[in-house]
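Structure, as structure tokens:
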Amino acid sequence: MDTAATVQEAQTEKDELLDFDVARIHLQRLVNDWQLERSQTILNRAKRDVNIDVEALRQQGKLDDDETLIPVRVIDTNIQREQPAYVNYLKNSRRLCTFNSLSNPDQNTQKLELEFTRGMTYIGWETPHYKCMDGAQTHGWDSVEVVPDDTKPLGVSIEQIGHDQLFFPTSSIDLQFSQRVIRRYEMTLMQLDKFGFDPAQIDKLRQARKSTAKALETIHVYKQYCKKVGQVYVSWFCLEMGVDNWLKAPSVLDLGLIDPQTMQPVPTTFYPIFISLYRESEKPHIMAHKGRVYYDENKQEAQTAILSGFVNGLTRAANLYASP
């Protein structure tokens, strides 16, 4: 009876992983759970930029003709102030990684460290690190993904994902223990041909966009990582425009890992995604971490009001007023 229950459980897990109709329910639910956080992320960026059109406010009657509004960008200033130390650490370090031999701890690994550093410092290598750091400062956390890239010296590159482009259970403490992790992309129809997606599903997307006002707009495409029996599987999907199957069916993730003893491929057991927190704290959940928008929003509003009020008062005090 226990054996039958185990087989049934394994079959259910397999169906949720491989059957798009079954998996779609869970995928849609996870994407929907992040709508509020995505909206908050867009709002955070707007608060940091403080993009104000004073002339438009005057035309709307929200400001008098002799009034102005002077934004004090406290959030952005504090973010920029904290970045040089990290940049110096990243750029001036002699090596990006340290290695130790498990079989021979006394082995000198400096040459390996040097070659690894040389291979990973390709042109533009620092950009995703800067973006991830900036996103973590702004929102509380951001992330990067290690992806295969034949154009790079070591065959891999690092991509910044974006705070609002990575979906996982909102109660997660450690990303590696999440059953599913989803990365959101925005692609044009031309980009879809580069990923080897199912031609039948791509044709559905083309027909849905053909001769419409959205023909040139981007499409929301998702990459899913999930774990089954300790192995990581990767798949691609879309949840709109009549797509009724995987863009690319789930398959075992191959990152080129090799067992040095047997020289056989090693299954990938971890998600190649790494989260950077703005600062470590006792808060266990990833979503509980806050960034500079949260900490500085009220200060920014107060300083903007004080400076604008002072300038407006000074302007009015200097004006000449006539009285009969």
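The values are calculated or read from the model by the stated rules, or taken from the named source; none is laboratory data. Owing to the predicted nature of the structure, the values given are computational and were not obtained by experimental measurement. Please note: Cβ atoms are built from the backbone with ideal geometry, for glycine as well, and neighbour counts cover all protein chains shown. Note: areas computed on protein heavy atoms with side chains; ligands, DNA, RNA excluded. Shrake-Rupley method; radii C 1.70, N 1.55, O 1.52, S 1.80 Å.
Can you put Thr151, Thr117 in order of accessible area, largest first, using a 1.4 Å probe? Write out the running numbers ahead of the final one.
Details: Thr151 110, Thr117 15 Å².
Descending order: Thr151, Thr117.
What lysines sit close enough to Lys91 to cross-link, taking a C-alpha to C-alpha distance under 18 Å and skipping anything fewer than 8 places away on the same chain?
Output for Lys91: Lys131.
Pop a pseudo-label 7 angstrom from the Cα along the beta-carbon direction at both Cys97 and Glu55 and give the gap in nm to one decimal.
5.3 nm
Heavy-atom accessible area of Val54 with all protein chains present, probe 1.4 Å, nearest 10 Å²?
Answer for Val54: close to 30 Å² accessible.
Would you please give the FRET efficiency between Leu255 and Leu216, computed as 1/(1 + (r/R0)^6) with r the Cβ-Cβ distance and R0 = 25 Å, to the nearest 0.05?
Efficiency for this residue pair is about 0.10.
How much FRET efficiency would the formula 1/(1 + (r/R0)^6) give for Glu67 and Thr188, where r is the Cβ-Cβ distance and R0 is 41 Å, rounded to 0.05?
About 0.40, to the nearest 0.05.
Probe radius 1.4 Å, ligands and nucleic acids ignored: give me the carbon and sulfur share of the accessible area of the chain as a rounded percent.
The value for the chain is 54 percent carbon and sulfur by accessible area.
Pulled fully out, how much extra length does the chain show between Asn104 and Ser171, if you take 0.36 nm times their separation in residues and subtract their Cα-Cα distance?
20.0 nm
Just to confirm the filter: which trypsin sites (Lys or Arg not before Pro) across the range 35-80 are DSSP coil and have at most 15 other Cβ within 10 angstrom of their Cβ? Present the calculation step by step, with values, prior to reporting the outcome.
Numbers: sites: Arg38, Arg45, Lys47, Arg48, Arg58, Lys62, Arg73; in loops: Lys62, Arg73.
Listed in order of number, the matching sites are Lys62.
Select one label from (i) 45; (ii) 22; (iii) 40: the one whose number is percent of Cα pairs over 33 Å apart as derived from the coordinates shown.
(i)
So which of Lys47/Lys290; Lys152/Lys223; Lys152/Lys194 end up more than 19 Å apart by C-alpha? Spell out each step's value before the answer.
On the way: Lys47/Lys290 15 Å; Lys152/Lys223 22 Å; Lys152/Lys194 17 Å.
Among Lys47/Lys290; Lys152/Lys223; Lys152/Lys194, the Cα-Cα distance tops 19 Å for Lys152/Lys223.
List the trypsin sites (Lys or Arg not before Pro) within the range 277-315 that fall in a DSSP loop (any state other than H, G, I, E or B) and whose Cβ has at most 13 other Cβ atoms within 10 Å.
Arg279
What accessible area per residue comes out for the range 178-324, rounded to a whole number of Å², with a 1.4 Å probe?
Counting only protein heavy atoms, the per-residue value for the range 178-324 is 59 Å².
Counting only the backbone N, which residues of the range 142-175 are under 13 Å from the spot 7 Å out from the Cα of Phe270 toward its beta-carbon?
Residues 146, 175 fall inside that zone.
Heads up, I need the accessible area for Glu217: 1.4 angstrom probe, whole protein in place, Å², nearest 10.
Looks like 90 Å² after rounding.
Given the C-alpha centroids of the range 191-236 and the range 240-288, what is the distance between them in whole angstrom?
18 Å
Ignoring everything but the protein chains, give the 1.4 Å probe accessible area of Ser93 in square angstrom, nearest 10.
Here the residue's solvent-accessible area equals roughly 50 Å².
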